[in-house]
1. Pairs of alpha-carbon atoms within less than 8 angstrom and 6+ residues apart define the contacts here; what relative contact order does segment 1-136 have, in percent?
2. Heavy atoms only, probe 1.4 angstrom, no DNA, RNA or ligands counted: give me 498, 176 ranked by accessible area, highest first.
3. Just to verify a number: what accessible area does residue 160 come out at with the full protein assembly present, 1.4 Å probe, Å² rounded to tens?
4. Give me the percent of accessible area attributable to carbon and sulfur for segment 360-461, probe 1.4 angstrom.
5. How much length is gained on full extension from residue 208 to residue 588, taking 0.36 nm per residue of separation minus their Cα-Cα distance?
6. If I ignore ligands, DNA and RNA and count only protein heavy atoms, how much of residue 95 is accessible to a 1.4 Å probe, in Å² to the nearest 10?
7. Residue 667 to residue 411: extension gain in nm, 0.36 nm per residue of separation minus the Cα-Cα distance?
8. Please report the relative contact order for segment 484-553, taking Cα pairs under 8 Å with a sequence separation of at least 6, and give it as a percent rounded to a whole number.
Amino acid sequence: MKKLSLKKMDWYLFSILILAAFLYGWGIWDAGSANSYYTAAITSMVQSWHNFWYGAFDPAGFITVDKPPVALWFMAISAKIFGVHGWSIVLPSVLAGIGSVALLYKLITPKFGPWAGRLAALVMTLTPTVVANSRTNNMDAILVFFLLLAVYTLTRAVAKKRFWLVLIAFALIGISFNIKMLQAFMILPAMLVFYWVAIKLPWKKKVLWLLAAMASLGIFTVAYPTSVDSVSTSSRPYIGSSQTNSLMELAFGYNGTQRLLGQTSGTGGTFAGMGKSSKKTGGNGGPGGTNPTGTKSTTKNTTTGTKGTAPTGQAPTGSKTGAPTGTKPSGSKNGAPTGTKPSGKMGNPGKGGKGGMAGGANSAFAIGSAGPFRLFQSDLGSQIGWFLPFAVLGICAGWWAFRKKGGKWYSISDEQSDVLLWAGWFVPVYGFLSVASFFHPYYTIMLAPAIAALTAIGAVAVAKMVKEGGLKQGLIAKSLLAITIVGTTALQAYYAWSYYPVAGIIIILLGLAVATLWFFNKVVATKLKIALSIIVVSLLSGFWALTPTLSHTSAAIPNANPSLLSSKGSSDMGGSVDSALLSYTEKHQGSAKYLFATTDSNSASGYIIKSKKAVMTIGGYNGTDPTMTLAQFKKLVKSGQLRYFVIGNTRASTGDISKILTWVKKNGTKVSYGSSSSSSSSQSTGMQMGGMGGQSGNSTLYDLSSATS
């Protein structure tokens with residue numbers, strides 16, 4: 001047995017991992033409920049194996065969350081061990097983030113050397129959206145870890161020609177499908193191309209292995225959904241956000257085509273702020289969606305209690321509402337935030353446009369305008385775009401510098417096969433995010449590994465061209481590197497401009513200075529030029545990445561920007577609790593199975609977390625799931641399982657849900673449950689989007705015990 005040698009330890013990597021642990025883990029003791037939607041599910045899952053297996057949102061197992069539960073299983077295990085706390089539910093994401101950094105190092109080092117591996121690990125660590133995602137109980141950090149684990153396993157399978165490793169690699173993609181469904185399949189093209197190009201086997205064996213790998217992928221992809229869908233609907237929860245109570249339909253509907261087309265389950269409409277230009281005004285950024293009819297009505301904001309005129313199904317767009325507008329600040333130049341103060345009580349108040357979401361925008365769906373340069377725009381770019389020019393350099397320079405000299409034109413070197421791998425990861429994800437209409441800015445974490453890897457490959461490729469090429473090739477390589485450095489710092493200055501214009505100017509000047517140094521060989525040592533280049537292009541990205549850490553933020557919609565520094569703690573789309581309502585329903589629940597019922601999950605999550613009791617959400621997350629008919633609801637009330645109904649967010653109610661609400665209002669008895677000067681909440685600085693929480697009096701409690709019709 002070999003002893004662990006401290007001398008052989010990569011202390012540079014160790015330092016990067018310590019930095020990652022600090023950025024991802026510091027302050028998570030203030031995580032609150034993070035994303036209360038998933039925290040409510042974790043609260044339910046630790047109560048029974050039935051809830052654990054299905055990922056039930058509520059303790060009674062009435063409905064599931066809108067994703068398969070694999071990532072939640074890790075969080076529930078952590079919560080079972082340490083108790084349901086903010087830090088315990090976030091801990092698996094923290095560990096996954098650190099693990100992803102280590103895996104990226106292991107993936108890059110064998111072909112491109114330890115310094116390339118370290119650079120890739122550092123870029124991954126300092127990518128703002130990676131930090132923001134690794135501090136929440138959303139599923140993306142864990143998904144990225146599993147995808148990197150799949151790619152790492154495949155590279156080992158190719159290097160060692162191990163059949164069983166090929167099977168495991170594609171099985172891990174199947175497992176990843178059960179974390180966030182079709183999002184996991186985005187890297188399948190990269191894995192297939194890499195396998196075919198890189199593995200050295202006779203073509204017949206190569207085909208047979210690939211067919212077996214596809215079988216492995218298929219088995220691990222459909223095993224869980226099939227096992228769930230095959231169970232009688234009366235013996236399991238309703239599949240949240242599906243329209244047919246099916247996990248497979250959820251994968252290809254709400255989590256599939258609707259992500260691309262921007263539709264919302266049950267309404268056929270779109271969420272405001274998705275793929276719109278900065279000139280468009282938005283409405284509801286929350287779970288309710290919009291009404292396609294466009295008719296107007298007077299709505300009441302559930303957070304502040306203010307009123308305004310808005311399209312039916314939308315929150316008012318006036319400045320006195322608490323709902324996000326769904327658009328970038330108006331009057332911007334080239335898409336840059338203008339510095340307007342966010343409207344309403346967003347929880348991240350700021351000056352000079354520093355409030356709200358990524359890049360100064362005020363919506364969970366601020367994703368810029370669809371097109372080939374969307375990822376460079378401030379909405380998404382401020383989360384993922386800091387090293388994009390280097391990723392492009394990595395594809396081009398990496399392919400050229402590591403080509404087989406003197407070989408056939410179609411011959412591909414081992415290094416080029418890795419360039420294909422990361423380009424194959426980068427291009428499909430970049431393409432999807434450029435055209436899709438229904439996603440959050442934090443989904444851009446899917447690009448982070450590819451950008452980090454290609455950045456490191458590009459740097460090594462340029463160094464190789466300078467060292468091994470002649471005067472002409474060396475000059476071309478230096479020119480490419482200089483242009484990339486200047487372009488990168490200019491792009492970063494653009495992201496920072498609305499916050500710190502002076503810093504933007506300084507970073508551009510530093511970029512020009514460092515780029516110029518590359519043409520003076522005998523004046524400055526090469527190692528010093530490399531160090532200065534890394535420092536300059538990492539300064540602003542590192543600061544942006546630091547903002548969630550310094551503010552102890554674990555947000556439901558993870559983002560990183562300086563506006564977080566003006567507030568502390570997590571922000572959420574729900575999770576508020578009216579203490580008077582909770583006290584009354586707990587006192588009078590009696591033998592009823594449910595504490596109360598309501599329309600949507602954001603209205604219920606805080607009550608589940610605080611009371612540990614079952615709250616029925618008849619419409620699921622969006623308030624649009626057809627979980628039951630009016631007749632079934634009446635039967636539930638008549639049986640005594642449900643006594644109270646709370647009407648809060650009704651913006652998206654249609655079909656049977658609308659009929660149930662009408663019946664409740666007609667046959668239920670309004671209850672005056674008292675008032676409280678302040679409501680308790682899982683987040684004191686939360687961004688409330690829909691739901692009943694906030695000030696008392698924003699929701700109406702109905703007693704159904706005497707309903708007869």
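1. On the way: 179 pairs, mean separation 36.5, N = 136.
That works out to 27 percent.
2. On the way: 498 20, 176 0 Å².
The ordering from most to least exposed comes out as 498, 176.
3. My reading of the accessible area for residue 160 is about 110 Å².
4. Details: 1970 of 2850 Å².
Result for segment 360-461: 69 percent of the exposed heavy-atom area is carbon or sulfur.
5. 130.3 nm
6. Taking all protein chains as shown, residue 95 has close to 100 Å².
7. My answer for the length gained is 84.6 nm.
8. Values: 48 pairs, mean separation 22.8, N = 70.
About 32 percent, as a whole number.
The values are calculated or read from the model by the stated rules, or taken from the named source; none is laboratory data. These numbers were taken from a predicted model, which means no experiment stands behind them. Here the Cβ is made from the backbone with ideal geometry for all residues, glycine too, and neighbour counts use every protein chain on show. Heavy atoms of the whole protein, side chains included, go into the accessibility calculation; ligands, DNA and RNA do not. Shrake-Rupley method; radii C 1.70, N 1.55, O 1.52, S 1.80 Å.
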